[in-house]
Each structure stands twice: as structure tokens, then as C-alpha cells.
1. Bin all alpha-carbon pair distances of the range 47-344 at 10 Å intervals from 0 and give each bin's fraction as a whole percent.
2. Under a point-charge model restricted to the Cβ atoms of Lys and Arg (+1) and Asp and Glu (-1), what is the dipole moment magnitude of the chain relative to its Cα centre, in debye to the nearest 20?
3. Just to check I understand the Karplus step: with θ = phi - 60° and J = 6.51 cos²θ - 1.76 cosθ + 1.60, what whole-Hz values come out for the range 632-641, glycine and proline as x?
4. Check the chain for me: any Cys whose beta-carbon has no other cysteine beta-carbon within less than 4.7 Å?
5. List every residue whose amide H lies under 5 Å from the amide H of Ile296, counting only residues 5 or more places away in sequence or on a different chain, with H placed 1.01 Å from N in the peptide plane.
6. How would you rank 231-239, 244-252, 453-461, highest first, on the average number of other Cβ atoms within 10 Å across their residues?
7. Going 7 Å from the Cα of Tyr176 in the Cα-to-Cβ direction, what parts of the range 488-505 have a backbone nitrogen less than 18 Å from that spot?
8. Given the Cα-Cα distance of Ala356 and Asp113 and 0.36 nm per residue of separation, how much length would full extension add, in nm?
Amino acid sequence: MELRELSAVAALVLALTGALTGALTGARGSCPPYNLSDARGLGRTFDGIGGLSGGGATSRLLVNYAEPFRSQILDFLFTPGFGASLHILKVEIGGDAQSTDGTEPSHMHHEDDENYFRGYEWWLMKEAKKRNPNITLMSLPWAFPGWVGHGKNWPYDFPDITAAYVVNWILGAKQYHDLDIQYVGIWNERSYDSKYIKLLRYTLDKRGLETVRIVASDNLWEPVVRSVLLDPELSGAVDVIGAHYPGTNSPEEALKTQKKLWASEDYSTFNDEVGGGCWARILNQNYVNGLMTATISWNLVASYYEDLPFSRDGLMTAEEPWSGNYVVESPIWITAHTTQFTQPGWTYLQTVGHLAQGGSYVALTDGKGNLTVVIETMTRDHSVCIRPPLPPFNVTSQNATFQLEGSFASIKELQVWRSQFNFKTKKSSFFEKLPPQKLFNGLFTIELAEDEVYTFTTITSGQKGSYPPSPPSARFPKVYKDDFNVRNPPFSEAPNFADQTGVFEYYVNMSDPGPHVFTLRQVVTERPVTWAADADQTISVVGDHQWGNLTVTCDVFMERVKTGGVFIAARVDKGGQSVRSARGVFFWVFADGTYKVTNDLAGQTVLAEGRSGTRAYGWHTLSLTVAGQYASGLLNGYPLWKNAVVLSPKSGWAAIGTASFEPAQFDNFAVVAEY
């Protein structure tokens, strides 16, 4: 479908008469021009569009991609004028606990422990900064190590400890990675404490971080809006009111705070074309309806196992490092409609709003003569987000005329970019550059169909970046081994292992001169201050959720005398926030010399049990074979149990873990599977 512009003469007639003739418009209605002007002042300052890495280990698999594919993915996300060209990167401050699709390690597992090289968020921030030196960096905790809460699932009883813990992370980002964190939050989607927010502000200032701004409370608008209005000291501490999934609306009281208003987490929708439509609608209407000046997508990139919760809820998909396959989804190009032609610090015009027949338009300027106009006409059923519920509304095809006034009246030409969602033919087109739009006396008219996005802009540097197609999609290898013998690991996690409770890190076992010097070690020794329903056991999954018949082998080493216990597992069916109820085949051995086979992670459904002779501080080799409805296990190469009946689940991941929050080591992991 080509750009359907009316002639300059027809546009002039429209401006004079306020209506198009039936010959020009057919059955479509008409309306007066939409004025785009800075003559009566400007609106709010634009703060950018971003993505959230973490909040559930959502970038877990990204670091495992080989080059050049990993760099290509990063370019589509961050490189200005190439793909999404994101303005903001928000990351989780890891807290050793489950935060949606996995756990992210803390920089302080214990009170006397500091390590600013754990996890992959440091790496990701540096890669983003490398591509866009001006990117805004944000941080937010979902959980905290257990010592912060002193045994309680609550971080505010000792606010000075919690504030110091968070500030240490910000200082570590600068000291060890030269990263300036510009915004920090309180506690994701949980209660806030006014005393803690004030103390956090005080601690930041005391440690020389006066420029770091506080976002509160990364939950609902209320009650933090009311608290800010009633408490001048709290108002002085909070710089941004951040709401999650606001449905494009903000309450009048939020505007009275005179704070920046952000959708500090939004989208969270499957990244098919309906997801792209959701993103297109809220990027415009978060400002039109709610005067929100930043919108941040959860999540940045769907780079976690697809069978974990909220599958493919990222701006793009990169969930197969073993094959190199990744997919640039529609939300990447919808983002580009705004990000490639604006920058934080630009200003919205006051003249933004809804179109007469549905849809919306926003306009922004850099104050130097540049203008960018973004128009969307997404219909309801093609723009539903996962939350909140979307009320009914209508969008129909329409002609829209825009009148540029004020300092924009002399603009003669605008660059044009278009995306068309075609849900009937499945032949959508995204971020296509069209011929420039000529203006006559500041007027231009566009015929808008349903489910379209247009950008009209004076900026000429837009580009639809591309690379050769990524490798074809492939299943996880049926034969997989890892001896963890990495001398200088770039990351603390082993490739493809996705921790679901606890943290499993590379470890150098200096006390073992034998074959187990380099191992994988579970390091969380007390229950964290949790955000989700972490299991009482620790567990890390790996592989393919469709594995049915498989053999899992691993060397294990218990470090807790008498009460210690470890397991290997097959057919693990659940992870993420549902990990507590995970089922599968779990082969446990304990330091008291016993073993157990269970049908669930909680250990309630026992399939077999007995004496094993296993002890702490000695290596043992476990092997678990599941074929059809039968399972058998070997200990140190000898049969320990066999033919346990397993009726369900029929398939799932392989896994390793411990019986409680306890230190334990794993080595020489191997899987041989069938599909």
C-alpha cells in the first residue's frame, strides 16, 4: 500500500473550508486540522524509551551467544540510528532470589562479601554504553540477600543497612566498570517506606552521589503520590514517580506532585504483532493520556528458556545461543519510530492528542527547529497488552491534516517512515522509508488506515539496520557436557544453566589438588528477602523442556555435614515464580548416608528411598536415567535403585540443586537425551 497523500491544493482547500469534498474522501469523514505549534509554550520534557534487563534473569541466555550474533543483537537494541536505539537501560540489582524467570546474583552474598563482577548486568550496561555513550542507566532491586533483612522477609527494619547495600552497588558500578547510574528505585512492586527513601537520599548524598535520582515506587500510583503530596521531606527526596502498567493513565494527584511521571515498567506482552501494536499504542498514549515522559519495556530481550513464565515478552527474541538464532520482532521497529528521531531532553508540544476517528499523535522538538510527529491508529483487538484490561474503543480509517505553526511554519518537507500491521494477510511491513512529505503553507494531509504507525520528521538520519539472517533455529543439543574447567570465566554463571532458586557460580576449589579444582558451586546459604515464592531448595535448570527420555550424570560434593543434601533431576516441568511446585524426577543423596527419589522438588512424593553411604566432603557420581515411565539411578557407577514408576510429567529440563540453602559443588555435568 503506497502513501496516500492528498495534493497541496486539496490540503489548502481543507484548511479554508474545514472539510474535504466527498470526491476527495469518499465515505470518510473530515475534521479541522490538528495544529502542531510551539507558539503558546511547550509541554513536558521527554526522558526516553527503554528496556529492562533483569526483573527475572531475562537476559540470561544472551551472554552465551557466540560472536558475531551477540553483537548483532546488541546493535539492534542499543546502537543509535540502527534498530530500537534505546534511550534507557534499566537493570536489576541482583538479590540472590527468584524475580520472575530466574535469580540474579547479589554483589554481597554476605555482609562482609563484596564482588562487582558477578552476573551479566555489568557487561550489558557496558555494551549498551559502548554503543550509545548517552544512554540513561537505571537500577532497581527485586530482592535482597537474607542478611539485609536479619532473618525477616522485609528490608526496611534496618533501613541504614539496606541503603548502604544499594549505594554500594552504585559505587561499585563506577569504581569497577566506570558506569554512572543515574536513577535508582526502592523495591520492585512491593511496599515502600518513607523513612527508607529519605535515608537512601541522605546516604547517596553522603557518599558523593548527589546526581543519582530516586524513582518511587515502581508499583501503583497510589499511595506514593499521596505520601509525596503530604510530606515535603519525602517530596524533596523523590525525583520521579514511577508506575507499572498504568494503562496510559495517571491520576490528577500525580500531576500535582510536579514530578516527572514515568511508566517505569510497561508492555510485558508476547512479542508477536499484537504485542507490537500494544507497544505502538502505549508509547504515544502514555503521554497523550497520562503525561508520562518515559516508558520502559519489561523486558529488554526475551533471552530465557521459552517454557519459563512470560515467554517472549521482550522487544526481540534471543533464546537459542546454541544455534545462534535470534528474531528481530515488530516492537524493535515500533520503538524506532520514536527513538531514532528524538532524544531525551527534547520537549513534547502542548498540541498532542487523539485523532477524531481513533488513534493518537504526539509531536516533539529539540528547540532548535527540529520536529518529530508520531501517529498511531492501532485498533483495540490488535493492541491488547497483557495488563491492565483494555476498555473498548473504535478506530476507523480517516484523513488527517496537520497544520504546522509557530517556529515550524516554515518547514517545507518532512521525512516519512511507516509501519503497517496487516492482520488479515499476515504481510505486515515495518519501518519503511517513504518519499518525503511536501508541505504547503505548513499543511500536510495523510490518509490513515487502521493499524498503522507513521513518523514525520525533520531528522534525516533514520535507518532500518540489518544483518545477514541469523542461523536457523535448532533444538538444544541432545548430548551436552560441561566440566566447568574455565580458568578465567567472563561471567560467574555456567553457560545455559538458569538458576531458579539459589545462585550457582564458577568456583576454584583450592583445597582439592585432584580433578575437581574447577567446579560449579551453589553459594546462597540463607533464604533471601524474596520477591517471589522461591523454593525451599535451590535449583538450576538446563536444556530442553521437551526432553522425555534422558540420562543425567553429575559429580556432586556436599559441604554441610549431617544435614547436607544434593540432587540431580530430569523432566523438571516448572521454573520461575512457579518453581516451588516443580515436578519431575529428583534423585537426592544426603550427608547422613541416605538417598531419596521424589516426583517433586518439595520432596513430598517419594518414589524410592534407602541407604546410600554418601557423606559430606567427598565426591560422588550420580546418574539418573528416565525412559518412558521408568527411572533408575546409579551411585559411583553402581545401581542404587531402579524401575521407579514415573507417570508424569512426560518431559522437562534437566537440573541440579541442593536440599536447602547450603553450599555444595557440582562437576562433570552431562546429559544424553532423546526427543
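Values in this text are rule-based calculations from the coordinates and carry no lab data. These numbers come from a predicted model, not from an experiment. Heads up, the Cβs are rebuilt from the backbone with ideal geometry, glycines too, and the neighbour counts pull from every protein chain shown.
1. For the range 47-344, the binned pair fractions read 7, 30, 37, 22, 5, 0 percent.
2. Magnitude of the dipole: close to 780 debye.
3. In residue order, the calculated couplings are 9, x, 10, 10, 6, x, 10, x, 10, 7 Hz.
4. When partners are defined as cysteine Cβ atoms under 4.7 Å apart, the chain leaves Cys31, Cys554 without one.
5. Gly50, Ala263, Glu265, Asp266
6. 453-461, 244-252, 231-239
7. Answer for this model: 488-494, 503-505.
8. Values: separation 243, 0.36 × 243 = 87.48 nm, distance 5.96 nm.
Gain on extension, Ala356 to Asp113, equals 81.5 nm.
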